[in-house]
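Enquirer: Next up is a structure, given as structure tokens.
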Amino acid sequence: MNSPKLFSPLQLRELKLRNRIAMPPMCQYSAIDGMAGDWHLVHYGSRAAQGLGLMIVEATAIEPRGRISPHDLGLWKDEQIEPLRKVVAFVKAQGPAIGVQLAHAGRKASGARPWEGGAQLSPSQGGWECVAPSAIPFKEGELSPRALSKAELGDIVGAFVAAARRALSAGFDLVEIHAAHGYLLHQFLSPLSNRRDDEYGGSFANRSRLLLEVVEAIRKVWPADKPLFVRLSATDWAAGGWDVPECVALSGILKERGVDLIDASSAGLIATQKVIVGPGYQVPFAQAIRAGAGLPTAAVGLITEAAQAEAILEEGKADLVLLGRELLRNPGWPAQALRELGAESFDGRPSEGDTSLRSAASTGYGRGLAPQYLRSLREMSR
Ligand code: FNR
């Protein structure tokens, strides 16, 4: 029997992912006042019904000032729990686990949506004052952020914790802390954006302090049976910036503090970065962290082919593969991969998902999936 690793379960604390195909967080810029709406239910729900093991909901702001755009999701107030609970319930009914990425954009907050140009919005254009470790803008021509005081850092930690409690109340299986892509926690890690002279800047230990405080505080309220992920940019792709050796060292400390998996991405810190992009270009980072820090990793970035994904897992470079844009283009990718890899069965799925995915792989997506949609809708309306 052919049993690809891609379709084998992954156990993280008490959470068992039915396979190792996951959707990474991807901003939809479609929330009103941070609230999930019909778009989120349809976007996440439709992909959930296609055989994923895990999906991670987009960057979700822990405070309004931390939104990338005015249309980001949020978990900074209790009213935002209920609409997300609906998304979570629907997704779980299809079989995948579901996590949420908790985020603060720091100096990269207050922007227009990508399809509106993505430029920084000044307060007079509906934007707001940005905060950061140091008063250094992301790029020339942007308004300078305000450096956070030490007392304000305590408030940021508190807001991460409050958002994690709300995520728990919404029913999420896991939380991912966003410390990548040049957002606030990454801004603290990198010497290019952190020029502080207090205990939150300077040495590696000082630059890591805020992230470690966030992790420790969240781990206290996030149940011991549920996993905690951290997304890191392994390198800034820039001279004098954050790089792989520090990232591996930090990952080892994060493991000791109760982090279960590092989602290994890169870049986003400065506009002058020089990223070398190609198929699987960030896989070596997942591999270096896994080998050097000894904890599970997720690989992400231009992973599009079933054989490529399978090789990453088989060769021990990562424990989970994340497909972003490929799942936007092709939500039926898991069924396609099942067929391409010739898998006859895979473990750890609820029997309902099992049947629908196998029939989708053999007979085409629509016919196999329709009954499952109907069953789930009936369950939700009970
Ligand atoms: C992203 N990405 C992203 N990353 C993140 O950590 N939080 C986020 O909210 C988002 N938002 C987002 C929106 C959109 C539209 C895209 C395309 C991407 C990055 C994403 O998670 C992933 O790391 C990259 O897309 C690289 O993977 P792929 O697309 O090459 O598989």
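Enquirer: Out of all DSSP beta bridges with both ends in the chain, state the antiparallel percent to the nearest 5.
Expert: Working: 5 of 40 bridges.
In the chain, DSSP labels about 10 percent of beta bridges as antiparallel.
Enquirer: A follow-up question, please. With contacts defined as alpha carbon pairs under 8 Å and 6 or more residues apart, what's the relative contact order of the chain in percent? Present the calculation step by step, with values, prior to reporting the outcome.
Expert: Numbers: 859 pairs, mean separation 68.9, N = 382.
It comes to 18 percent, rounded to a whole number.
Enquirer: Could you list which residues have their amide H under 5 Å from that of R146, counting only those 5 or more apart in sequence or on another chain, with H placed in the peptide plane?
Expert: C130, V131, A132
Enquirer: Ok, one more. Return the long-range amide H neighbours of A234 (sequence gap of 5 or more, or a different chain), with a cut-off of under 5 Å between placed amide H atoms.
Expert: Answer set, sorted by chain and number: S265, S266, A267.
Enquirer: Using a 1.4 Å probe on the protein chains only, how many percent of the accessible area of the chain belongs to carbon and sulfur? Don't skip to the answer; put the middle values down first.
Expert: Numbers: 7800 of 14530 Å².
Summing carbon and sulfur atoms, their accessible area is 54 percent of the total for the chain.
Enquirer: Follow-up question, since we're still on this one. Quick one: Karplus J couplings for region 132-148, per residue in order, coefficients 6.51, -1.76, 1.60, θ = phi - 60°, nearest Hz, x for Gly and Pro?
Expert: 7, x, 9, 7, 10, x, 4, 8, 4, x, 8, 5, 6, x, 9, 5, 6
Enquirer: In units of 2.2 N^0.38 Å, what is the alpha-carbon radius of gyration of region 114-208?
Expert: Scaled against compact globular proteins, the figure is 1.23.
Enquirer: Can you tell me the order of 235-244, 283-292 when each peptide is scored by its average per-residue count of other Cβ atoms within 10 angstrom, highest first?
Expert: The peptides rank, most packed first, as 283-292, 235-244.
Enquirer: Distance in nm between label sites at K16 and Q308, each 7 Å beyond Cα in the beta-carbon direction?
Expert: 3.1 nm
Enquirer: Short version: ³J(HN,Hα) in whole Hz for each residue of region 168-182, in order, from phi by Karplus 6.51 cos²θ - 1.76 cosθ + 1.60 (θ = phi - 60°), x for Gly and Pro, what are they?
Expert: Whole-Hz 3J(HN,Hα) from phi for region 168-182: 5, 5, 6, x, 4, 7, 8, 10, 10, 8, 7, 10, 10, 6, x.
Enquirer: Length gain on complete extension for the stretch S203 to E326, per 0.36 nm per residue less the alpha carbon to alpha carbon distance?
Expert: Difference between extended and current length: 40.4 nm.
Enquirer: Turning to a different aspect of this structure: Starting from the Cα gyration tensor of region 172-288, take the square roots of the eigenvalues, sort them a ≥ b ≥ c, and report rounded, prolate or oblate (rounded when a/c is under 1.5, otherwise prolate if a/b is larger than b/c, else oblate).
Expert: oblate
Enquirer: Starting from the alpha-carbon convex hull of region 1-71, give the projected area averaged over all orientations, in nm².
Expert: 6.2 nm²
Enquirer: Using +1 on the beta carbon of Lys and Arg, -1 on that of Asp and Glu, and nothing else charged, what's the dipole of region 1-123 about the Cα centre, debye to 20?
Expert: My answer is approximately 540 debye.
Enquirer: Please report the orientation-averaged projected area of region 277-349, defined via the convex hull of its C-alpha atoms, in nm². If you can, show how the numbers build up before the last one.
Expert: Numbers: hull surface 21.3 nm².
Taking a quarter of the hull surface, the average projection is 5.3 nm².
Enquirer: How compact and how long is region 18-159, expressed as Rg and Dmax of its alpha-carbon atoms in Å?
Expert: Gyration radius and largest Cα-Cα distance of region 18-159: 16.4, 48 Å.
Enquirer: Oh, and also: What is the Cα coordinate range of region 30-85 on the first, second and third principal axes, sorted by size from largest, in whole angstrom?
Expert: Largest to smallest, the principal-axis extents are 35, 18, 16 Å.
Enquirer: Let me have the 222 nm mean residue ellipticity of the chain computed from DSSP H runs of 4+ only, each contributing -39500 (n - 2.57), with the sum over all residues rounded to the nearest 500. Each step should come with its number before you reach the end.
Expert: Details: 12 runs with 145 residues, N = 382.
Using -39500 (n - 2.57) per qualifying helix, the result is -12000 deg cm²/dmol.
Enquirer: Keeping every protein chain present and rolling a 1.4 Å probe, give me the accessible area per residue for the chain in Å².
Expert: Numbers: 14530 Å² over 382 residues.
Each residue of the chain exposes 38 Å² on average to a 1.4 Å probe.
Enquirer: Would you grab the residues whose amide H sits under 5 Å from the one on M26? Only those 5+ places off in sequence or on another chain, please, with H modelled 1.01 Å from N.
Expert: Counting only residues 5 or more places away or on other chains, the set is E58, A59.
Enquirer: Using the structure shown, select from K220/K317; K5/K92; K5/K255 the pairs with a Cα to Cα distance greater than 27 angstrom.
Expert: Cα-Cα > 27 Å for K220/K317; rest within.
Enquirer: Would you kindly work out the equivalent ellipsoid of region 219-322 from its C-alpha gyration tensor and give its semi-axes, the square roots of five times the eigenvalues, largest first in whole Å? Write out the running numbers ahead of the final one.
Expert: Values: eigenvalues 96, 71, 26 Å².
The answer is 22, 19, 11 Å, longest axis first.
Enquirer: Straight distance only, please: which lysines reach the Cα of K86 with their own Cα at less than 18 Å, same-chain residues fewer than 8 apart left out?
Expert: K77
Enquirer: Please compute the Kirkwood hydrodynamic radius of the chain from all pairs of different C-alpha atoms, in Å with one decimal.
Expert: The answer is 20.9 Å.
Enquirer: How large is ³J(HN,Hα) for each residue in region 9-15, as worked out from phi by the Karplus curve 6.51 cos²θ - 1.76 cosθ + 1.60 (θ = phi - 60°), to whole Hz, x for Gly and Pro?
Expert: Residue by residue, region 9-15 yields x, 10, 9, 10, 6, 8, 8 Hz.
Enquirer: Then there's this: Based on alpha-carbon centroids, what's the gap between region 89-120 and region 163-236 in Å, whole number please?
Expert: First find each Cα centre; the distance between them is then 16 Å.
The values are calculated or read from the model by the stated rules, or taken from the named source; none is laboratory data. Quick caveat, the model's predicted, so the values are computed rather than measured. Positions of Cβ are backbone-derived with ideal geometry, glycine not excepted, and every protein chain shown enters the neighbour counts. The accessibility values were calculated without ligands, DNA or RNA, using every heavy atom of the protein model including side chains. Shrake-Rupley method; radii C 1.70, N 1.55, O 1.52, S 1.80 Å.
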